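Structure, as C-alpha cells:
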Amino acid sequence: AALFGVIGMIMWVAPLGVFGAMAFTISKYGTGSLVQLVYLIVCFFVTCVLFVTIGMGLMMRITGLRLWPLLCYIKEEFFIVLATSSSEVVLPSLMAKLENIGCNRTLVGLVVLLRYTFNLDGTSIYFTLAITFIAQALNIPLSWGDYAVILAVLLLTSKGAAAVTGGGFITLAATLATLNGKVPVTGIVLVLAVDRFMSLGRALTNLFGNAVATVFVAWWENQLDLERARLVLGGTVPPEAAEVALPGS
C-alpha cells in the first residue's frame, strides 16, 4: 500500500516536473529550441518505425510468419503500454500470449526476461539519438571514434534501463557521466522536456522487439509450433491467452 501510494504521488507530480522542464528549456534557449526538439521526436519515431517494419518484418518473414498479424494479436498490450509508457506492465500477458501461439513455455520465460534486461531496442535507439542531439546542440564535434566509444558504453549501460517509466533518462545521465566529460551530463536538460514522449516510443519498440525476438528464437531452436502460430495469428483459433499461474495459486 505504501509503495503504490508513493507511485500515485509521483504520477500526480510528474506533469508538474515536465511543465517545469519545458519552461526551463524555453526560457533559457528560446522558442526556437522547441522546433529542434520536435525534429528529435520525429527522427526518433521514424527510426523506431523503420526498425520495426523493416528489421522485425524481415525476421518474421524468415520464420514464415508475418509481422502485422502478430502486432494485431498483442494489441491489448499495445494500448496498455501506450497508456503507461512502460513495457514491463504487460510482461505476464505477453508471455502467456507467446505461449498460446506455440512458443515453448520454458523458452518464452528465458528469452522474454533476458530481453527485458539485456536487449531493449527502443532504449538503445533513444540513447544514441539523444547523445548525438545533445552534442550537436552544445556544438561538440564527435568523431567516428567517439561514436564507437559511446556505442560500446551504451552496450553496457543500457542493460536493465527500463525497470520503471523514465528509467532510461536516468541511465542516459549515467552514460554521459562515463564519457570522461566529452559530452557534459548537464546537457540532459535539453531533452528533459520531451523525455515523456520519447519514453512512449521506447516502450512500444521494446514491446514489439520482445515479441518478435521470442518468436524468432523459438523458430530458430525448433521450439515453435508453426502451424498453431499460423492458425492463431490468422484468427482460426481463438486467441485466448493461457492462464498465468500466480504465486500462491
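The values are calculated or read from the model by the stated rules, or taken from the named source; none is laboratory data. Not measured: the values here are computed from a predicted model. Neighbour counts are summed over all protein chains in view; Cβ atoms, including those assigned to glycine, are modelled from backbone coordinates with ideal geometry. Surface areas here come from the heavy atoms of the whole protein model, side chains and all, with no ligands, DNA or RNA. Shrake-Rupley method; radii C 1.70, N 1.55, O 1.52, S 1.80 Å.
Couple of notes before you dig in:
- Listed here are the helices (runs of 4 or more DSSP H) enclosed by the range 11-93 that have at least 2 residues being touching a Ser or Thr at 6+ places or on another chain (Cβ under 9 Å) and closer than 30 Å to ASN139 by Cβ: 32-50.
- Total residues in the range 128-179, condition at pLDDT below 75, polar (S, T, N, Q) and open to solvent by 50 Å² or more (accessible area, probe 1.4 Å): 2
- Scanning the range 94-122 for residues that are assigned to a loop (DSSP other than H, G, I, E, B) and surrounded by fewer than 19 Cβ atoms within 10 Å (Cβ to Cβ) returns a single hit, ASN119.
- Filtered residue count, the range 180-201, keeping only those that are assigned to a helix (DSSP H, G or I) and either at positive phi or open to solvent by less than 10 Å² (accessible area, probe 1.4 Å) (or both): 5
- First in the range 105-119 and under 19 Å from ALA203 (Cα atoms), second anywhere and open to solvent by 70 Å² or more (accessible area, probe 1.4 Å) and at pLDDT below 75, Cβ under 6 Å, 6 or more apart: PHE118/LYS159
- Check on ILE125, open to solvent by 20 Å² or more (accessible area, probe 1.4 Å) and in contact with a Lys or Arg (Cβ under 8 Å, 6 or more places away or on another chain): yes
- Residues that are among the hydroxyl-bearing types (Ser, Thr, Tyr) and open to solvent by 70 Å² or more (accessible area, probe 1.4 Å), drawn from the range 3-50: SER27, TYR29, THR31, TYR39
- PHE127 being assigned to a helix (DSSP H, G or I), touching a helix residue (DSSP H, G or I) at 6+ places or on another chain (Cβ under 6 Å), of a type in the set (Phe, Trp, Tyr) and more than 25 Å from LEU179 (Cα to Cα): no
- Selection status of MET60, open to solvent by less than 90 Å² (accessible area, probe 1.4 Å) and under 18 Å from the mean Cα position of the chain (by Cα): no
- THR53 vs. criteria touching a residue at least 40 places away in the same chain (Cβ under 8 Å) and either under 21 Å from the mean Cα position of the chain (by Cα) or open to solvent by less than 40 Å² (accessible area, probe 1.4 Å) (or both): no
- Meets criteria (over 27 Å from TYR147 (Cβ atoms), of a type in the set (A, V, I, L, M, F, W, C), touching a helix residue (DSSP H, G or I) at 6+ places or on another chain (Cβ under 8 Å) and modelled with pLDDT of 90 or more) for ALA213: no
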